[in-house]
Amino acid sequence: MSGSIKVQPTHLQRQAVVYLRQSSPKQVMQNKESALNQKALRGRLLELGWKAGQIAIIDEDQGHSAKSASGRDGFQKLVADVSLRKLGIIMGYEASRLSRNSADWHRLLELCALFDTLIGDSDGIYNARDFNDRLLLGLKGTMSEAELHSLRLRLDAGRLSKAKRGELVHHLPTGYVRDRDGAVRFDHDASVQDRLRLVFSKFEELGSAQKVLGHLVKHQLKLPRRQTSGLYAGDVLWKEPSIAALYSILKNPAYAGAFAYGRRIADPTRQIPGRPSTGRIRQPQSQWLVLLMNIYPAYITWDQHQQIQAKIAENRQTMADRLTRKLGIRGGAALLTGLVRCGRCGRAMAVQYKDNRFQYICNAARAKYGKPSCQYLSGAMIDQAVLAEFFQALDPAQIDALQRVALMQAEHNKNLLHHMRQETARLEYAAKLAERQYNCVDPENRLIAATLEKKWENALGELEQAKARLADMSAQAPTPVAIPKKLQEAFADVGHRLPDVWPCLSVEARKQLLRTLVAQVNLRRESNGHVNVRIVWRGDLVTETDVRLPIHSLRRYGAEKSIISRIRELAEEGNGDTDIAAQLNLEGHHPCRGQSFTATIVIKMRCRNGIRLPTARARAGGIADGYTVREIARAIRVDPSWVYRKIGTGELVVTPHPRYGCYLFPRRPATIDQFKRLKAGKLQHVSFPKEHQDG
């Protein structure tokens, strides 16, 4: 066997790995010689005694920096294989290929020392169990991390030097393009330029980003966005406007022709592992590293940009002051402030006061995207419904039921915890058994060893899941609610007296009392205009009730169609407005405002939908049942009052029609002839019997 004396037969029985890594995709594409040099280490392993089938190459981390193990799947797989005693040696061109982070590097060294895995590079082979080798490896890891620091310093210094001259090339905001010669120009698409100028002009006119957002949404105007990465990199996409997109335009100094560098810094405490672009916070303008004027063609002047920033800051301060006053003053009439959530989107609903009334409104969609509010509901009747449920909950029987349910729930959770502990103990034994079986198998028998290893891994995974479920269940387990007898008697007395005392309490006291039992209230308006009120009580008990709120109109709801259809049916049957209103109330229908239908409401709905009563249709003429007074008057060329005078004097005997409620005469030629003779004085008396009118 040729090679280092540190390579033992136990190492040659295991797998050998060549770890390849280059720091960025650009290096992978251009610095191909580095990859060839790293792959050449495979020949070194062959010289040391490993067979070609035992050598694996890990190149999954190409294009990833070694400053962190997060996001490097290949390195994490390498560490896992070392922990499973699969690897005899790890080969890397140098220590910096494996890690440039001391914590990750020394963790790997500890595992290699524990499981007797060698580490090799272009200089030699090292055994982490040997103190001298480990000391040398530690120095190499420290030097790799220091090298990364020095590289970063040089790169940052060069970048800052270029930025101070305004020559640093970075992504341009939407509305700018870079020519082949490097000069920055306005976007060639005139619609992109016009839309950006519209944003600035509208903000100057309206004075608020929210109002600009509302204007864009109202007129269905989208905002351009030049993609810098992904499938559509370099293309301009038109997207729905959002408040974040507007602020990115209004706050960017590039639109005022200025080049700014260092506007954001990375806060390590806010960064998400594996995502280096996260955790960036804005710096005030006084702390920017570079600010150069007149570098780009400008959409607005620098003075306009400063005025915009001042206005945004003023708006933010105004909203903060309003919030401070709102949180500081709890004297509003709404009892459910902070407890109400939208039953459609799940967001918290705000309280909006108007004159002597208030309403609960879900305006998150309007605030963020300029879309219509999810729902807004009159608050007084909702508060009354919740208050009625609150008074009912204070009934002694309800308190006893609450205590029984709480005890039953606690007992149920106790039994569940008992079974989950048993399940965890069983899985723990199964994992230990799988570990013993794996340790007892002959390492040469790879088929059985691989099966037992897989069984052990599955057992460990099931055990971890069971422990997590047990921990969550233990943390959420409710404690039994045992209400002392004296307290029950006090509650019983309060339950009887509280409705009488309630009007004398202050608003703050009412809210505090409600919150002793009510944890949350969910509101959802149904298609019929009613509101489903779902009350979540302390202890996770839930009750529901239904509230009918006055609404502006029934036209948006399906209930109006059925009401209009019913009014049309009742009108066809010959009912008057008063009778129709009474029948609608009897059938349980409700108008949009008010508790019951009246004749006035029925008349308005009839007129709006073109429904006429039989009397009105009959008086208009053209019905088959007979001639109306107006038709007779036209036929004999007299004024209708002449016919009514004849009826009054008794010369014309006729009774109102029983269905239409007006005078009708038989529709036949003899009728007209009789009226003509009555007009000429040839007849002194004309009579139309009731059977003729009934046809």
For E94, tell me the accessible area in Å² from a 1.4 Å probe, rounded to the nearest 10. 80
At a probe size of 1.4 Å, how large is the accessible area of R159, to the nearest 10 Å²? 80
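How much length is gained if the chain between A103 and E167 is pulled fully straight, taking 0.36 nm per residue apart and subtracting their Cα-Cα distance, in nm to one decimal? Working shown, then result.
Values: separation 64, 0.36 × 64 = 23.04 nm, distance 3.75 nm.
Stretched out fully, the A103 to E167 stretch lengthens by 19.3 nm.
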So, for the stretch 40-89, what is the accessible surface per residue at a probe of 1.4 Å, expressed in square angstrom? 46
Extending each Cα 7 Å along its Cβ direction at L12 and Q422, get the distance between those two points in nm, one decimal. 5.5
Among the listed pairs K67/K162; K251/K371; K39/K455; K6/K455; K6/K26, which have their C-alpha atoms separated by more than 29 angstrom in this model? K39/K455; K6/K455; K6/K26
Straight-distance crosslink candidates among aspartates and glutamates, where the alpha carbon sits under 19 Å from K432 and sequence neighbours closer than 8 are dropped: E423, D442, E453, E457, E462, E464
Which value, in Å², gives the accessible area per residue of the stretch 251-294 when a 1.4 Å probe is used on the protein heavy atoms? 60
Cross-link partners of K682 among lysines (Cα-Cα below 20 Å; sequence separation of 8 or more within a chain): K646
What nm value, rounded to one decimal, do you get for the distance between R634 and V236 when each label is placed 7 Å out toward the C-beta? 6.6
Carbon/sulfur accessible area of the stretch 215-291, % of total, 1.4 Å probe, equals 50
Can you give the extra length, in nm with one decimal, that the chain gains between K467 and R347 once fully stretched, where that is 0.36 nm per residue apart less the Cα-Cα distance? 40.0 nm
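Given a 1.4 Å probe and every protein chain left where it sits, what share in percent of the accessible area of the stretch 105-145 is carbon and sulfur?
Values: 1150 of 2000 Å².
Carbon-and-sulfur percentage of accessible area, whole number: 58.
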Under a cut-off of 29 Å between alpha-carbon atoms, report the lysines in cross-link reach of K604, not counting same-chain residues fewer than 8 places apart. K354, K561
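Stretch Q437-E457 to full length: gain in nm at 0.36 nm per residue minus the Cα-Cα span? Spell out each step's value before the answer.
Values: separation 20, 0.36 × 20 = 7.20 nm, distance 1.24 nm.
That works out to 6.0 nm of additional length.
The values are calculated or read from the model by the stated rules, or taken from the named source; none is laboratory data. What you see is a predicted model; the values in this text were computed from it and never measured. Here Cβ is always computed from backbone atoms with ideal geometry, including for glycine, and neighbour counts include all displayed protein chains. Keep in mind that these areas ignore ligands, DNA and RNA; they rest on the heavy atoms of the full protein, side chains included. Shrake-Rupley method; radii C 1.70, N 1.55, O 1.52, S 1.80 Å.
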